[in-house]
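Derivation of every value follows stated rules applied to the coordinates shown; laboratory data play no part. Computed from a predicted structure; not experimentally measured. Virtual Cβ from ideal backbone geometry, glycine too; neighbours counted across all protein chains shown.
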Amino acid sequence: MHRVVIAGAGFGGLATAAALRRAAAPSELEIVLVDRRVDFVMGLRKTWAALGMASLAAGLRPLRRVRDVDFVEGGIERVDPAGRSLTVDGRAIDGDALVLALGASQDMQAVPGLAEHGLNIWDREQSEPARLAIDQVVGGRRLLIGIFGMPYSCPPGPFEFALLAHDRLGPEVQVSVSSPAPIALPVVGPIESAKVERMLSDRGIRFLAKRQPVAVHAGSVEFADGSSEEFDLLLAVPVQSVPDLLVAAGLAEAGGWVMPDSRTLETSHRDVYAIGDCTVVPLANGLALPKAGIFAELQGEVVAARIIARTLGREPGAEFGGEGMCYVEAGGGRAVKVNGAFLADPVAVSISEPTSANLADKVEFERSRLAAWFAG
Ligand SMILES: Cc1cc2nc3c(=O)[nH]c(=O)nc-3n(C[C@H](O)[C@H](O)[C@H](O)COP(=O)(O)OP(=O)(O)OC[C@H]3O[C@@H](n4cnc5c(N)ncnc54)[C@H](O)[C@@H]3O)c2cc1C
């Protein structure tokens, strides 16, 4: 029987496993899913939990309940792409195909002082400390949401956080977002990005562009251009990078990302695929495909179809098209829909008006996936 090994049970790994299982019964295909965590929660829950809007727990699902897979809990220490093999807590696990869905590593140490003076709102372990700290922010105080490096997972996420924080804390708290980028969302282009910047300015939220942090001190962030920004609470989106073990495996350059084929997601090793946040897919505008769960999912579905085709002795035809959408909350119980054809030339992205129907669709986005991926 064919065996597929999936490294990482996050958004991409779970979507791959589900798509493989829809196409092949347990008697036809063995799926081994490996993660060091015992449970999964979607990124959007981190924002809701930090802002006291909903609990993390309501969106947590145990990985042992993923439908019809062999779940292995353990730390992956080594990836051997030539052997389509992982070393997990000292044990080798190999397959006929290997899918690498290891996400991005986060580094709170990359900027001196950040770990001491800021909280990582992209880390689910810090959602509760962030909630407690946000509870202490009262009128006249300054909340700074700092983007510490590019690229990062979920490009609109920090702006969504700022809009929801403004709703939560009221206009007496000064909310600001700093970014190393010249506009809020470079990948969608200046016209669509301006819509997000307008949503911020309409509420008095400051957007500090072209601010690359170089150090954090008690109460202030110092930027590369010599400017600095004072805060009472600093919430950080930290520097993110490809996991070291993918560099050690020769699949990415240090400081770079895995670059599989943009359409097939196959790496330079046959039957070894890389998807999601650990990869970079270059776009016609010179930028990269946004790191988003929806793309990890769509890529996982393409990879699953290609693996199934090969197990049946057929030439794989499925290709990643780069078309995807996400919902970004705008506050006031509404969300915008970001729709894009990212592999088109030119890249075509549109941001809708905020509606309550979009917010309902965002809630359904989480519900439908958890229902499809997990039993019970
Ligand atoms: C606040 C926030 C909000 C977001 N909202 C949205 C949204 O609304 N829509 C959207 O599309 N995207 C959203 N995203 C982005 C989305 O969460 C990511 O793009 C997505 O999770 C990437 O999927 P992935 O499979 O590549 O990586 P991940 O989901 O990060 O999964 C990687 C997995 O690999 C495991 N792993 C890593 N290294 C090892 C190791 N050495 N050994 C064992 N296991 C390992 C990790 O434990 C993890 O489970 C959001 C992100 C954040 C932070």
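Brief remarks follow.
- Lys pairs, the chain - Cα-Cα below 24 angstrom, 8 or more residues apart or on other chains: 11
- With neighbours defined as other Cβ atoms within 10 Å of a residue's Cβ, the residues Arg198, Arg211 order from fewest to most as Arg198, Arg211.
- Gain on full stretching of the segment that runs from Met53 to Asn339 - 0.36 nm per residue minus C-alpha separation: 100.4 nm
- Equivalent ellipsoid, region 1-154 (semi-axes from 5 times Cα gyration tensor eigenvalues, Å): 36, 18, 12
- Sequence of Met1, Met199 once ranked by neighbouring C-beta atoms within 10 Å, starting from the fewest: Met1, Met199
- Think of it as helices only: each DSSP H run of n ≥ 4 in the chain is worth -39500 (n - 2.57), and spread over all residues that comes to -8500 deg cm²/dmol at 222 nm.
- Bins of 5 Å from zero: percent of alpha-carbon pairs in region 107-240: 2, 11, 22, 25, 22, 14, 4, 0
- Based on the reciprocal of the average 1/r between different C-alpha atoms, the Kirkwood radius for the chain equals 21.3 Å.
- Backbone N atoms of region 12-39 closer than 13 Å to the 7 Å Cα→Cβ label point of Ala305 belong to residues 19-20, 23.
- Exposure proxy ranking, count of Cβ atoms within 10 Å, fewest first, for Met42, Met150: Met150, Met42
- Spatially, region 154-172 and region 14-75 are offset by 28 Å when compared through their Cα centroids.
- For region 242-376, alpha-carbon Rg relative to the globular expectation (2.2 N^0.38 Å, N residues): 1.19
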